[in-house]
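Read the structure below first, then the notes.
The values are calculated or read from the model by the stated rules, or taken from the named source; none is laboratory data. The structure displayed is predicted, hence computed values, not measured ones. Note: ideal-geometry Cβ built from the backbone for every residue, glycine included; neighbour counts use all protein chains shown.
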């Protein structure tokens, strides 16, 4: 696709793209290239000499049970966050799609958590479910649950998943609502005339027509769970107890802070880049233009 | 017409209000906690109704900060966040709109290559290049500065794509008309294209402002001075000290102040927000 009416100038277009190009090259490509190069190098313990080691850093990572556990954990978190947030948001969107009085008010009251920053989400949830002073912890204990996410890894993981899913409800709700509103009313009426009850109409007509939206949101939620949960984890658990809530992004961060193995930390970054490329690829290949808003 | 029995409708209202309550509960707790006495909260005796320490807590939060750890007034943190968010939002829009203008309205060698170079940055979020980027910013002596906070985040493939798509839909006749009026590339951009892009820019601004205000990992890495802290980083530092010393009313007040500007933007500019969200994800 090209425009027919254009301007003639040799230098002006370069001047116009120069600011963006400069930022992209200095702060995006240069560091990314550094990470790739670094991931093939091994530094000795004193940082005096480096040698080219091919894929040794990567092999070490994959042999490391802690790294493997972080991969599994990250995927498990993503799946749990996506499924819980998507199903709750879908329920709310189906309800809000009905011709109800006050539907704009409902929408307003459901979309604002989108604007809450991940670290703030973490602070809110950590306070609510703090083992000694949390308001909800009182009820959990009254029900006989031995609630202590500071010591129990599974409980800490559940806490992160709940908080992360909570934040994402509003985003999913908004896109589900748009998806539902784009389904022609005539299709639903036809099903109603054929005698399909509301539940049946939902599963046989609405749900299949919504599948592009669901798939799109699934990818978005996985990307969110991979990258945007950093702030939630950092304020809630710092990856602990032990390593029970350490995701791949969090591991890159902590390993780098400790300043240990440069090559390994770079290799971890490169693996994350590959994951982003794959996820973005899926999004563009399968999602673009198939989602109807 | 599809039948909507009274019961179905009643059920929908109930489910929606339950959903709203679940979504709002953590924030309600924060509001209540920010008005109560810290000693009561620390004992686990917090009441579910507001207390009487509202003015005191918010005064301390905004102008003094926590009495322990950092002692940085939250008002100052909010100013830092505001400057960063505005620089990121305005910067992204400015450099993206002129790149898109060049790519759509000019023919020049490497035009498509440059387009792809910008496009591929979609796949390089800050999380995957944190330490090498940190090193470059340190080498450029930009640590603890607004430039360091905003510049490395200012490129935007999404915004460039959006403006490119929009420019493609602008009729060619407009350019021909303004050319007859003797307008060059600057005049056409300023007098014709910018006014037409106003809604797009506004929608994008809403999304990018929220995105900028909510940045966390990057400011956490590159700010070391307390007076350069953004509010998202500051709030984490307030709960780093041993649990017993955490001043929960101040922390909760800070959490509420941290969410106030972006939530306000979403609620008040809802139409633009929804539009921006849908457009940037396309």
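Number of residues in region A:137-157 that are in a helix (DSSP H, G or I) and either within 11 Å of chain B (Cβ to nearest Cβ) or out of contact with any helix residue (DSSP H, G or I) (no Cβ under 9 Å at 6 or more places or on another chain) (or both): the value is 9.
Residues in region A:195-226 that are within 12 Å of chain B (Cβ to nearest Cβ) and farther than 25 Å from residue A:279 by Cα: A:195, A:196, A:197, A:198, A:199, A:201, A:202, A:205, A:206. Selection of region B:115-128 for residues being at pLDDT 85 or above and either surrounded by fewer than 19 Cβ atoms within 10 Å (Cβ to Cβ) or at the interface with another protein chain (Cβ under 7 Å from one of its Cβ atoms) (or both) yields B:116, B:117, B:118, B:119, B:120, B:121.
Of the residues that sit in region B:44-58 and are more than 11 Å from chain A (Cβ to nearest Cβ) and surrounded by 14 or more Cβ atoms within 10 Å (Cβ to Cβ), which one is nearest to residue B:73 (Cα to Cα)? That would be B:58. If you check B:62, B:29 for being under 25 Å from the mean Cα position of the chain (by Cα) and under 25 Å from residue B:212 (Cβ atoms), only one passes: B:62.
For region A:99-120, the count of residues that are crowded, with 18+ Cβ neighbours inside 10 Å and more than 30 Å from residue A:211 (Cα to Cα) is nonzero. Residue B:237 fulfils the conditions (1) within 11 Å of another protein chain (Cβ to nearest Cβ); (2) buried (at least 18 other Cβ atoms within 10 Å of the Cβ); (3) farther than 26 Å from residue B:24 by Cβ except for a single criterion, (2).
Scanning region A:33-61 for residues that are out of contact with any helix residue (DSSP H, G or I) (no Cβ under 7 Å at 6 or more places or on another chain) and in a helix (DSSP H, G or I), we see that the one that is modelled with the lowest pLDDT is A:56.
Among the residues of region B:129-148, those that are assigned to a helix (DSSP H, G or I) and either more than 19 Å from residue A:227 (Cα to Cα) or at the interface with another protein chain (Cβ under 8 Å from one of its Cβ atoms) (or both) comprise B:130, B:131, B:132, B:133, B:135, B:136, B:137, B:138, B:139, B:146, B:147, B:148. Residue A:66 passes all but one of (1) more than 30 Å from residue B:154 (Cβ to Cβ); (2) under 30 Å from the mean Cα position of the chain (by Cα); (3) free of Cβ contacts under 8 Å to residues at least 12 places away in the same chain; which number fails? Against the list (1) more than 30 Å from residue B:154 (Cβ to Cβ); (2) under 30 Å from the mean Cα position of the chain (by Cα); (3) free of Cβ contacts under 8 Å to residues at least 12 places away in the same chain, residue A:66 comes up short only on (3). Considering region A:227-293, the qualifying helices (runs of 4 or more DSSP H), each wholly inside and each with 2 or more residues that are at pLDDT below 85, run over A:248-257, A:262-282. Taking every residue in region B:1-26 that is within 7 Å of chain A (Cβ to nearest Cβ) and over 13 Å from residue A:94 (Cβ atoms) and pairing it with any residue that is at pLDDT 85 or above and in a helix (DSSP H, G or I), at least 6 positions away or on another chain, the pairs with Cβ-Cβ distances below 6 Å are B:20/A:109; B:23/A:113; B:26/A:124; B:26/A:128.
Working only within region B:166-183, note down all residues that are free of Cβ contacts under 8 Å to residues at least 12 places away in the same chain and surrounded by 13 or more Cβ atoms within 10 Å (Cβ to Cβ). Answer for region B:166-183, where residues must be free of Cβ contacts under 8 Å to residues at least 12 places away in the same chain and surrounded by 13 or more Cβ atoms within 10 Å (Cβ to Cβ): B:177, B:179, B:183. Criterion applied to A:103, A:132 was being over 25 Å from the mean Cα position of the chain (by Cα) and closer than 30 Å to residue A:177 by Cβ, and the one residue passing it is A:103. Filtering region A:164-221 down to residues that are surrounded by 14 or more Cβ atoms within 10 Å (Cβ to Cβ) and outside any helix (DSSP H, G or I), which residue is modelled with the lowest pLDDT? Within region A:164-221, the match that is modelled with the lowest pLDDT is A:196. Tallying residues that are touching a helix residue (DSSP H, G or I) at 6+ places or on another chain (Cβ under 7 Å), loosely packed, with under 15 Cβ neighbours inside 10 Å and outside any helix (DSSP H, G or I) within region B:4-43 yields 0. For region A:123-136, residues that are part of a helix (DSSP H, G or I) and surrounded by fewer than 18 Cβ atoms within 10 Å (Cβ to Cβ) total 1.
Checking A:94, A:120 one by one, the residue that is facing chain B (nearest Cβ under 9 Å), in a helix (DSSP H, G or I) and within 27 Å of residue B:234 (Cα to Cα) is A:120 and no other. Just a yes or no: is a residue in region A:137-151 surrounded by fewer than 23 Cβ atoms within 10 Å (Cβ to Cβ) and in contact (Cβ under 8 Å) with a residue 24 or more places away in the chain? Yes, region A:137-151 has at least one match.
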